[in-house]
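Data first, discussion second: the structure below is written as structure tokens.
The values are calculated or read from the model by the stated rules, or taken from the named source; none is laboratory data. Note that the structure is predicted; figures quoted are calculated from it, not measured. Counting neighbours? That spans all protein chains shown, and the Cβs are built from the backbone with ideal geometry, glycine included.
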Amino acid sequence: MADKISKEIRSTVTAEGEIEISIAHAEKPQPGENEVLIRVEASPVNPSDLGLLISFAADLDSLSVSGSGESTVAKMKIHKGLMKAVKPRIGQSMKVGNEGGGVIEDAGSSAKDLIGKTVGLAGGAMYSQYRCVPATNCLVMNDDTTSREAASSFVNPLTALGFIETMKLENHSALINTAAASALGQMLIKICRADSIPLVNIVRKSEHVDLLESINAEYICNSSAPGFMDELVNAVVATGATLGFDATGGGNEGKLAGQILSAMEIAANKTAKEYSRYGSDTFKQVYIYGGLDQTPTILNRSFGMQWALGGWLLTPWIGKFGMEIFQKMRERVANEIKTTFATHYTREISFEEMLQPETIRAYAKQATGEKYLVTPHKE
């Protein structure tokens, strides 16, 4: 009977104003004609997973755990003022986990040749022992790739490559990226170095500066340093960057996105041939692609009228790139998963360990260099 069961992590918002994380038992899925059954062996905890798993509205100080083993349940209260935001979730036992890696255990008639292959997948519900998905959704890895290596083959690698394709599509020639010491940020540094693309890296701690220097990043600006704006302007002048990606959404007391736009404007005006009360005619774009800082985004408008601030999400942009480019992105990830796109994990955790208070608090911090890997079959 056990071989017909698939354990999985569920997150539920209760009518009493709590989030419950638990281990559920579901029927092991069976693949259809064009589907594959994946034995999920590894799935990372990304910042994008936390919004569903524990919600931005959860009060971690109220965290408690009951039960043990497969009956473990973690509970935390939702801040009263934020209950309305999660009201649509009440009573829904939601599956969690954006991406993962595993081995194809079974397949429908049109995909039998994939059985035994290690794949990466971004299909949702990846904190599960087994997932059944269309074969075309899988990134088939090279034969020497492990499930652990394949686990983070979508969210960070394809996002980093997506920044490059966005730059090309919008006719920019250089980039600025925040939270640059993150796993994604380090991947972007390697990509830009290999592709000869100027990149300005913004971090917020001196140790992050040291880290990026150790991997030969060229332009590094510390947003917490007194001379940050001068450093940023100089870097923008040197690179000509007119496109920025911000993972914080509210860094530097909410001012970071505006500071990036201001630095671009100052740099543009240094080469302007004449004064204009409307600012430079150089178009400047910043995309917010994460919410590492919950501070409101504040714009002190000192960057003329040729600018835009928007949100950036990978999936809609894939549609803009087109399938030919997207396929090339996937192939590059598969070929460079041990180098450019290699991911370091702080700790591997089982489902039960995932629900322990100290572990929840650890991965909820979203600390740079501390990435957790969920291993669904670990006892």
Hey, can you tell me all the residues within the stretch 140-159 that are hydroxyl-bearing (Ser, Thr, Tyr), surrounded by 19 or more Cβ atoms within 10 Å (Cβ to Cβ) and in a loop (DSSP other than H, G, I, E, B)?
145, 152, 153
Given the condition crowded, with 24+ Cβ neighbours inside 10 Å and under 18 Å from residue 309 (Cα atoms), answer yes or no: does some residue in the stretch 202-225 qualify?
yes
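Hey, among 202, 191, which residue is under 24 Å from residue 44 (Cβ atoms) and part of a helix (DSSP H, G or I)?
191
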Which one is nearest to the chain's Cα centre (by Cα), of the residues in the stretch 336-365 that are under 23 Å from residue 40 (Cβ atoms) and polar (S, T, N, Q)?
343
Name the one entry in 250, 254, 291, 304 that is buried (at least 21 other Cβ atoms within 10 Å of the Cβ) and modelled with pLDDT under 95.
304
Given the criteria on the phi > 0 side of the Ramachandran plot, in contact with a Leu (Cβ under 7 Å, 6 or more places away or on another chain) and aliphatic (A, V, I, L, M), does residue 151 qualify?
no
Might you let me know whether the stretch 217-238 holds any residue that is among the charged types (D, E, K, R), at pLDDT 95 or above and outside any helix (DSSP H, G or I)?
yes
Of all residues in the stretch 1-29 being outside any strand (DSSP E or B) and out of contact with any helix residue (DSSP H, G or I) (no Cβ under 8 Å at 6 or more places or on another chain), the one that is surrounded by the fewest Cβ atoms within 10 Å (Cβ to Cβ):
1
Whichever residue in the stretch 77-113 is in contact with a strand residue (DSSP E or B) (Cβ under 7 Å, 6 or more places away or on another chain) and free of Cβ contacts under 8 Å to residues at least 60 places away in the same chain and, among such residues, is farthest from residue 150 (Cα to Cα)
79
Pick from the stretch 368-379 the residues that are touching a helix residue (DSSP H, G or I) at 6+ places or on another chain (Cβ under 9 Å) and touching a residue at least 60 places away in the same chain (Cβ under 8 Å): which of them is surrounded by the most Cβ atoms within 10 Å (Cβ to Cβ)?
374
Of all residues in the stretch 337-367 being more than 27 Å from residue 62 (Cα to Cα) and of a type in the set (Val, Ile, Thr), which is surrounded by the most Cβ atoms within 10 Å (Cβ to Cβ)?
337
Among the residues listed as 369, 311, 291, 304, the single one being on the phi > 0 side of the Ramachandran plot and not assigned by TED's automatic domain parsing to the domain that holds residue 99:
304
Among the residues of the stretch 166-194 satisfying the criterion of being without any contact (Cβ under 8 Å) to a residue 40 or more places away in the chain and more than 22 Å from residue 152 (Cα to Cα), which is nearest to the chain's Cα centre (by Cα)?
168
